[in-house]
1. In this structure, is P15 modelled with pLDDT under 85 and not small (G, A, S)?
2. Name the single residue, out of those in the stretch 18-27 being of a type in the set (A, V, I, L, M) and loosely packed, with under 10 Cβ neighbours inside 10 Å, that is modelled with the highest pLDDT.
3. Hey, could you check the stretch 81-102 for residues that are modelled with pLDDT of 70 or more and touching an Asp or Glu at 6+ places or on another chain (Cβ under 8 Å) and say which is surrounded by the fewest Cβ atoms within 10 Å (Cβ to Cβ)?
4. Check the stretch 28-45 and report whether any residue there is surrounded by 10 or more Cβ atoms within 10 Å (Cβ to Cβ), under 24 Å from the mean Cα position of the chain (by Cα) and either assigned to a helix (DSSP H, G or I) or free of Cβ contacts under 8 Å to residues at least 12 places away in the same chain (or both).
Amino acid sequence: MAMFGFPAARPAPPPTEAEMAAASALAHVPPTTRELRAQAVHRLQVGLFGLAGMLLLVSLANVIMDRAKYIDASAVNTAAPAAQASETSAKDPLADMGVAPQLPVTAKEKPTVSISPAPPPAAPPTVNAPEN
């Protein structure tokens, strides 16, 4: 390097004891048999707990789905005899909900419109004045 204008490299000084101790503390030390066994047991515990958690989650979802199917089946069975609706309800679901007036099914029937009276206005709240 001296040829390019840089000074010649000096040899590095030998490391001190403090530098050697710091370097040895950072060096990789292979785990002992006891540490390897503890890591294996920990991995096994995590895996078994995860498996048990998934089993619990799947069984809970299965119970919920069975209950939903049971409720749907019982709702269909109880609603089947009562499902004899008139032609009007089959043609006008808004009238069944009470959103629209019920219109006549045939030309002979006249529409009925019922108007409910408006509720009375609410009285303003009174404030009791403190007595002097």
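1. Yes, satisfied.
2. Across the stretch 18-27, the extreme among qualifying residues is A18.
3. Looking at residues that are modelled with pLDDT of 70 or more and touching an Asp or Glu at 6+ places or on another chain (Cβ under 8 Å), I get A100.
4. No.
Conditions (1) of a type in the set (F, W, Y); (2) modelled with pLDDT of 80 or more; (3) surrounded by 10 or more Cβ atoms within 10 Å (Cβ to Cβ); (4) touching a Gly at 6+ places or on another chain (Cβ under 8 Å), marked per residue:
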residue: A2; (1), (2), (3), (4): no, no, no, no
residue: P7; (1), (2), (3), (4): no, no, no, no
residue: D72; (1), (2), (3), (4): no, yes, yes, no
residue: A79; (1), (2), (3), (4): no, no, no, no
residue: P104; (1), (2), (3), (4): no, no, yes, no
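The values are calculated or read from the model by the stated rules, or taken from the named source; none is laboratory data. Model, not experiment: these values are computed from the prediction. Neighbour counts run over all protein chains shown; Cβ positions are idealised from the backbone, glycine included.
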